[in-house]
1. Please work out the FRET efficiency for the pair residue 26 and residue 48, using the Cβ-Cβ distance as r and a Förster radius of 35 Å; give the result to the nearest 0.05.
2. Based on the Cβ-Cβ distance from residue 18 to residue 38, what FRET efficiency comes out when R0 is 35 Å, to the nearest 0.05?
């Protein structure tokens, strides 16, 4: 005998939805990490460029 209640039929779609939400949240988190890393690298690059420019100005 098969007892089909609403929660039995909603379980798999609910788990799939929860899994997709988790993946979306993880993707968003990774994108934020990448953006933060790119900002940090850009800041470091600018700092190095400014150091080089000040060294060249000191030589002249």
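Values quoted throughout were computed directly from the atomic coordinates according to the rules given, and no laboratory measurement underlies them. Bear in mind that the values here come from a model prediction, so they are computed numbers and not experimental data. Counting neighbours? That spans all protein chains shown, and the Cβs are built from the backbone with ideal geometry, glycine included.
1. Efficiency computed from Cβ-Cβ geometry: 0.60.
2. 0.70
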